[in-house]
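Right, one structure below, let's go through it.
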Amino acid sequence: MKTLVWVEHEGGAVKDATLSAVTAASQLGEVHLLVAGEGVGGVADAATRIAGVGKVHVADDAAFGHALAENIAPLIVELMGHHDAFVAPATSNGKNIAPRVAALLDVMQLSEILSVESDGTFTRPIYAGNAIATVRSKDARKVVTVRGTAFEKAARDGGSGVVEAVASTGDKGLSSFVGAEIAKLERPELTSAKIIVSGGRALKDRPTFEEVIFPLAGKLGAAVGASRAAVDAGYVPNDYQVGQTGKIVAPEVYVAVGISGAIQHLAGMKDSKTIIAINKDEDAPIFQVADIGLVGDLFKIVPELTDKL
Amino acid sequence: MKILVPVKRVIDYNVKPRVKADGTGVDLANVKMSMNPFDEIAIEEAIRLKEKGVATEVVAVSIGVAKAQETLRTSLAMGADRAILIQTDEDVEPLGVAKLLAKVQEEEGAGLIILGKQAIDDDSNQTGQMLAALLGLPQGTFASKVEVADGSVSVTREVDGGLETVKLSLPAIITADLRLNEPRYASLPNIMKAKSKPLAQKIPADYGVDIRARLETLRVVEPFSRMAGVKVADVDELVAKLKAMGVTA
């Protein structure tokens, strides 16, 4: 099976989620990549070095500059003329683009796959991760998005892919990029962090959240996450949210501070290697999944922990 | 301008789904069902656009079992003007739903179609994007803000790193994310009024599209569950455990 993986990139670098998608694709067959964007020569070079890749199709055009699905989907559909499967990372861009491709190909997509069982059979989470379905696709071609935490990342080096320029399918004139407010992070990105410190509603307000959580995260070199309740209450921006409708994470260590452990939140972090919970309510559901729990007042515990580490 | 809002009847979001012992799916017998929460947000946004004078009519449409009428009545009670039920006992996949909705749009000619970004049962997150593809229309997915002006719509989207704004020509497809709005509760008088609002009954065959399933679910299992670990007495014990794991500043 010949697969085409859409390469998500930012600031001239291939994003981690793409590397997980490459691993998933390699379990289906030959891996070819698509790098689309404006001025993407550097990304294309980096893509050729990813372990195990064959051709790297490169479409360099302003129309692809902001990953607008209206412009990128027709380009992918063209390339799918000689590929059997389309694979995208299940990031916000991947989730935006892949179903548009699937419908144009008249294929039913499999979203957020967790494993490749055989060419046409995959597992994926349903009901916010409360059940795992094994699903077989009857379509001749496959379209899948890949949950990054479920697959190892392909190595960034060791590959010897070959760049092949592809003609632009142009700007469809349906949509345009206006602007973005992307948070500048001084800390590691949530989805690739080894350690995450997350705060919940118990953090009271924005200044308190920052005062309690940030120093601990800083000391551990950790990313900062939050529960939906904390995001809805305005303690932190939406991109901090860990959970079914936020980010799905699986770090080495996840520290949940003042998070009760709603199903929605657990769905986003329960694959973490070690979960540490700090909560004043000893019956909080978070303790049912935590490897190490500490019951008590987080406003005393967290500063003390930060100090003693 | 008319706004079309597709809605889905799903397990209530407060109910913990239970996997059937025979592994064929999730047990929905005698389980509380409600409107998909993201679809409620979509309906709310459409009604607000009507209240602002941007839209003139809000049409809710659902594809599903006879009881999906209740979901449509909820939409009508919130403020939708009329509803369409495409009744079927089959589970229609997102691609099939998108094909039916594309036909509905051909008849309705809506200026905006607002959907929930995903349904909380199959978590596919596909229908809006697929509908946009089939209709050749632009898509503003995961919307947290929608502004219609001068024949176009600006959509602020929740993306991985923060927020992004795109401008789309009309007609356009929008999918609602959590923070687009807070849906209203239907008042009792409005629930009563909704009973007399028009609800058209259709079946998939009326639209002449192929909605046969492309996916076959082989089995459904409980996820790997974690065991509760140990509780430590104080910070010193926690620090010792962390150090033993190699987690230090």
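For segment A:252-309, how many residues meet the condition of being over 30 Å from B:Ala119 (Cβ atoms) and hydroxyl-bearing (Ser, Thr, Tyr)?
2
Against the condition over 30 Å from A:Lys300 (Cβ atoms), open to solvent by 70 Å² or more (accessible area, probe 1.4 Å) and under 22 Å from the mean Cα position of the chain (by Cα), how does A:Glu164 come out, does it pass?
no
Looking for something within 14 Å of chain A (Cβ to nearest Cβ), under 12 Å from the mean Cα position of the chain (by Cα) and buried (at least 22 other Cβ atoms within 10 Å of the Cβ) - is there at least one such residue anywhere in segment B:129-142?
Looking for residues that are within 14 Å of chain A (Cβ to nearest Cβ), under 12 Å from the mean Cα position of the chain (by Cα) and buried (at least 22 other Cβ atoms within 10 Å of the Cβ), one finds at least one in segment B:129-142, hence yes.
Name the residue that is nearest to the other protein chains (Cβ to nearest Cβ), counting only residues in segment B:169-194 that are open to solvent by 20 Å² or more (accessible area, probe 1.4 Å) and among the charged types (D, E, K, R).
So the residue we want is B:Arg179.
Could you tell me whether B:Ala213 is in contact with an Asp or Glu (Cβ under 7 Å, 6 or more places away or on another chain), closer than 30 Å to B:Leu137 by Cβ and modelled with pLDDT of 95 or more?
The answer is yes for B:Ala213.
Could you give me the residue pairs with C-beta distances under 6 Å whose first residue belongs to segment B:126-155 and is at pLDDT below 95, whose second residue is among the aliphatic types (A, V, I, L, M) wherever it lies, and which are 6+ apart or on separate chains?
B:Gly151/B:Leu170
Could you say whether any residue in segment B:223-242 is under 30 Å from A:Ala133 (Cβ atoms) and at pLDDT 95 or above?
Within segment B:223-242 (the criterion being under 30 Å from A:Ala133 (Cβ atoms) and at pLDDT 95 or above), the answer is no, since none of the residues qualifies.
How many residues does segment B:211-227 contain that are assigned to a loop (DSSP other than H, G, I, E, B), touching a Gly at 6+ places or on another chain (Cβ under 8 Å) and surrounded by fewer than 14 Cβ atoms within 10 Å (Cβ to Cβ)?
1
Here's a check for you: in segment A:167-193, which residue that is out of contact with any strand residue (DSSP E or B) (no Cβ under 9 Å at 6 or more places or on another chain) and not small (Gly, Ala, Ser) is surrounded by the fewest Cβ atoms within 10 Å (Cβ to Cβ)?
Ranking the candidates gives A:Lys184 first.
Having 3 or more residues that are more than 9 Å from chain B (Cβ to nearest Cβ) and at pLDDT 95 or above is the bar; report the helices (runs of 4 or more DSSP H) wholly within segment A:210-309 that clear it.
Output list reads A:298-308.
Could you check segment B:155-189 and list, in sequence order, the residues that are in contact with a helix residue (DSSP H, G or I) (Cβ under 8 Å, 6 or more places away or on another chain) and of a type in the set (Lys, Arg)?
Hits for segment B:155-189 are B:Arg157, B:Arg179, B:Arg184.
Can you tell me which residues in segment A:188-209 are under 18 Å from the mean Cα position of the chain (by Cα) and either in a loop (DSSP other than H, G, I, E, B) or more than 25 Å from B:Val159 (Cβ to Cβ) (or both)?
A:Pro188, A:Glu189, A:Ala193, A:Lys194
Could you tell me whether segment A:75-90 includes any residue that is among the acidic types (Asp, Glu), over 14 Å from A:Val146 (Cα atoms) and in contact with a helix residue (DSSP H, G or I) (Cβ under 8 Å, 6 or more places away or on another chain)?
So far as segment A:75-90 goes, no, none of its residues is among the acidic types (Asp, Glu), over 14 Å from A:Val146 (Cα atoms) and in contact with a helix residue (DSSP H, G or I) (Cβ under 8 Å, 6 or more places away or on another chain).
How about segment A:129-167: which of its residues are of a type in the set (S, T, N, Q) and at pLDDT 95 or above?
The answer is A:Thr134, A:Ser137, A:Thr145, A:Ser160.
Any chance you could count how many residues in segment B:53-109 are buried (at least 24 other Cβ atoms within 10 Å of the Cβ), of a type outside the set (A, V, I, L, M) and in a loop (DSSP other than H, G, I, E, B)?
0
Among A:Glu117, A:Glu70, which is within 12 Å of chain B (Cβ to nearest Cβ), open to solvent by 10 Å² or more (accessible area, probe 1.4 Å) and in contact with a strand residue (DSSP E or B) (Cβ under 7 Å, 6 or more places away or on another chain)?
Answer to the check: A:Glu117.
Taking segment B:1-52 as the region of interest, how many residues are in contact (Cβ under 8 Å) with a residue 60 or more places away in the chain, polar (S, T, N, Q) and open to solvent by 10 Å² or more (accessible area, probe 1.4 Å)?
1
Out of curiosity, is A:Asp139 within 11 Å of another protein chain (Cβ to nearest Cβ) and either in contact (Cβ under 8 Å) with a residue 24 or more places away in the chain or under 17 Å from A:Ala85 (Cβ atoms) (or both)?
Judged against the criteria, A:Asp139 is a match.
Could you please find all residues in segment B:143-168 being closer than 18 Å to A:Ile97 by Cβ, surrounded by fewer than 24 Cβ atoms within 10 Å (Cβ to Cβ) and more than 7 Å from every other protein chain (Cβ to nearest Cβ)?
Listed by number, the list holds a single entry, B:Arg157.
The values are calculated or read from the model by the stated rules, or taken from the named source; none is laboratory data. Bear in mind that the values here come from a model prediction, so they are computed numbers and not experimental data. Backbone-built Cβ (ideal geometry, glycine too); neighbour counts: all protein chains shown. Note: accessible area is taken over every heavy atom of the protein model, side chains too, but ligands, DNA and RNA are not part of it. Shrake-Rupley method; radii C 1.70, N 1.55, O 1.52, S 1.80 Å.
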